[in-house]
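The values are calculated or read from the model by the stated rules, or taken from the named source; none is laboratory data. Bear in mind the structure is a predicted one, so any value in this text is a computation, not a measurement. Note that each Cβ is placed from the backbone with ideal geometry, even for glycine, and that neighbours are counted across all protein chains shown. SASA here: full protein model, heavy atoms, side chains in, ligands and nucleic acids out. Shrake-Rupley method; radii C 1.70, N 1.55, O 1.52, S 1.80 Å.
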Amino acid sequence: MAATSVRVAAPGARPKLPGPLELSIRAFRCWLVMYRRTWRASIWSSILGPLFYLGAMGYGLGSLVDKHGTASLGGVPYVVFVAPAVLAAHSMNSGLSNAMFPVFGGIHWNKIYIAARATMLRPVDIYRGHLLFATMRIAMNAACFVVFLGAFGLIKSWWGVFLLPASVLLGVAFAAPIAAWAVTLRTQTPMNYVIRFGSLPLMLFSGTFFPLSQLPAWIRPLAYATPLWHGVALCRALCLGNVTLGAAAIHVGYLVALTAVGLWAGSRTYYRRLYV
């Protein structure tokens, strides 16, 4: 009979628990497993969405705008003016769509959050893991858009290599605080208000489709204070090549600060909602 050795743990010794990063990655992998089963339902919107946006707004509406001159657009064709702004709006919508209904559903519909809470995952790990997945989805959608911008020759400067990280930062700046808020909801109705009275007005009045100089002077400061305007201005400067380090630092700092506030709020709202 072969001898068998058994290691006896020292008295009082405890197994080493995974660190916060590993726990967050475990929560991320849960969403990744789900996405492997459902990615076909979203792949077409990620690919065809940019084409429809560029075709309808850039080339369709743009052909009418260019007939009346492009001086107010900085002397560039309308499609070149609007394309990076639509990229920013697309990233904002990606952040919102991954931070509202999936978060609400994690508690009320498919109960993923409830199941995850029965494991060693803490509420903050669940939040960060979901935010990692949302970041991945934002990056995938933005990457498709950037590829089309390059294919159509709409990126006019080498600064365009920073379009992807800039658009991802914008999407996360929306996703982090919205997820922190969505986890507190008892009904889904407020999320419809965010889309109707939040994202749609932002797209219209943040310099996406026309310069802010066309707005009345009294409302411009409100537009300058919106996150989408900072994302639009940053992406447009990168695409056209008229980047100034001071302005870029302000845009990036604003979005980073908004993301940090969302992370701070999410760690608290998730704890209050999921702590047992």
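Structure notes:
- Coupling constants for region 54-63 follow from the phi torsions by the Karplus curve (6.51 cos²θ - 1.76 cosθ + 1.60, θ = phi - 60°), and in residue order they are 5, x, 6, 7, x, 8, x, 5, x, 5 Hz; glycine and proline get x.
- The share of accessible area on the chain that comes from carbon and sulfur is 69 percent, using a 1.4 angstrom probe.
- Over the chain, dividing the summed -39,500 (n - 2.57) contributions of all DSSP H runs of at least 4 residues by the number of residues returns a 222 nm mean residue ellipticity of -21500 deg cm²/dmol.
- Most to least packed among 35-47, 231-243, 76-88, 143-155 [average Cβ atoms within 10 Å]: 76-88, 231-243, 143-155, 35-47
- With DNA, RNA and ligands ignored, accessible area of L54 (1.4 Å probe; Å², nearest 10): 10
- Placing a label point 7 Å from the Cα of W109 along the Cα-to-Cβ line, the residues of region 32-57 whose backbone N sits under 15 Å from it are 34-35, 38-39, 41-42.
- Here each label is just a point 7 Å from Cα along the line to Cβ, and for L245 and V76 those points are 2.2 nm apart.
- Spatial separation of Cα centroids for region 101-157 and region 212-276, in angstrom: 19
- Stretching the chain fully between Q214 and R36 yields a gain of 59.6 nm (0.36 nm per residue, less the alpha carbon separation).
- Our coupling estimate for region 85-95, obtained by passing each phi through the Karplus curve with A = 6.51, B = -1.76, C = 1.60 and θ = phi - 60°, is 5, 5, 4, 5, 5, 5, 5, 4, 5, 5, x Hz, Gly and Pro reported as x.
- Rounded accessible area of T244 (nearest 10 Å², 1.4 Å probe): 80
- Surface exposure of the chain, expressed per residue as accessible area with a 1.4 Å probe, stands at 53 Å².
- Value of relative contact order over region 112-216, rounded to a whole percent, pairs C-alpha under 8 Å and six or more apart: 23
- Accessible heavy-atom area order of M92, M140, M57, highest first, probe of 1.4 Å: M140, M57, M92
- Cα-derived Rg to Rh of the chain, Kirkwood definition: 1.09
- HN-Hα J in Hz across region 135-142 - Karplus 6.51, -1.76, 1.60, θ = phi - 60°, x for Gly and Pro: 4, 4, 5, 4, 5, 5, 5, 5
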